[in-house]
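First the structure, in the form of structure tokens, and then the observations on it.
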Amino acid sequence: MFIDVHAHLDNVRYEEDLDTIVKNAKENSVEKIITAGYDLNSSYVDVEIANRFKNVFACVGVHPENVEGLEKNYLEKLETLLKNKKVVAIGEIGLDYHWRKDNQELQKKIFIEQIDLANKLDLPIVVHCRDAVGDTLQILKEHTPKRESLMHCYGGSVESAKEFLKLGFSFSFGGVVTFKNAKNVQEVVKNIPLEKIMLETDCPYMSPEPFRGKVNEPKNIPIIAEKIADIKNIKIDEVEKNTTKNAEKMFKI
């Protein structure tokens with residue numbers, strides 16, 4: 001059994017065919033899926049989807065690209081969603097300086113507020129970090145999650161990964177790890193313990209080879225697992241067993 005710890009089942013590309021997407025996953029041994037919110041609206045939709053499917057769970061939160069124009073009571077609304085038993089984490093949250101650098105302070109503020117909410121409710125966080133490793137590390141050192149948490153779609157260096165490991169973080173890897181030009185990500189996979197690795201698709205984005213450029217689905221998780229097994233020179237069964245155990249432990253699913 002595999003678990004996709006980070007999908008976006010709320011995406012419009014799945015709107016008319018969600019049953020098939022979940023069915024396809026099961027047929028490829030992906031028995032559990034966590035669908036991730038990126039703002040209030042998507043978080044509501046993801047909770048609805050999680051309630052609809054027994055094997056789907058949700059995390060809710062505000063992504064750094066969506067911090068502008070937030071309702072003043074957004075934390076209260078998130079907290080209401082977090083009362084649902086199918087919600088397992090706050091995410092995806094974090095910092096992203098790739099597209100915008102003019103609102104860094106606001107991004108930091110919203111990130112910290114959501115970490116504090118997670119600590120208040122004893123929940124893990126799912127962190128998005130793009131072109132912002134230094135500030136992300138600094139914030140997490142000062143506002144360390146009480147629960148073991150996840151660096152999603154990790155693309156940083158081995159050195160940074162070791163710093164996140166010290167803070168109790170695990171890492172999830174998706175289709176990027178299969179790309180020929182992803183030597184940096186592959187090096188991180190090689191150098192961190194299997195006990196700290198999980199699998200994700202980030203679907204509908206980031207399809208693994210040989211489906212790069214096509215709409216991604218949770219059913220592709222075994223392809224990612226196979227690549228990680230190859231990088232670490234172990235059997236895919238070992239990747240399957242450990243990543244599933246890691247996800248079940250962190251998210252209590």
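The values are calculated or read from the model by the stated rules, or taken from the named source; none is laboratory data. This one's a predicted model, so the numbers in the text were calculated from it and none came from an experiment. As a convention, Cβ positions derive from the backbone with ideal geometry for all residues, glycine included, and neighbour counts pool all protein chains shown.
What the table shows:
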{"quantity": "Near pairs, Cβ below 7 angstrom, 6+ apart or cross-chain, from the range 6-34 (more than 24 Å from residue 128 (Cα to Cα)) to any residue that is at pLDDT below 95 and part of a helix (DSSP H, G or I)", "calculated": "21/14"}
{"quantity": "Search result, residues across the range 60-88 that are closer than 13 Å to residue 111 by Cα, surrounded by fewer than 19 Cβ atoms within 10 Å (Cβ to Cβ) and among the small types (Gly, Ala, Ser)", "calculated": "none"}
{"quantity": "Residues located in the range 144-198, provided they are within 25 Å of residue 223 (Cβ to Cβ), surrounded by fewer than 16 Cβ atoms within 10 Å (Cβ to Cβ) and of a type in the set (Lys, Arg)", "calculated": "180, 183, 190"}
{"quantity": "All positions within the range 87-120 that are in contact with a helix residue (DSSP H, G or I) (Cβ under 8 Å, 6 or more places away or on another chain), more than 18 Å from residue 76 (Cα to Cα) and of a type in the set (Asp, Glu)", "calculated": "96"}
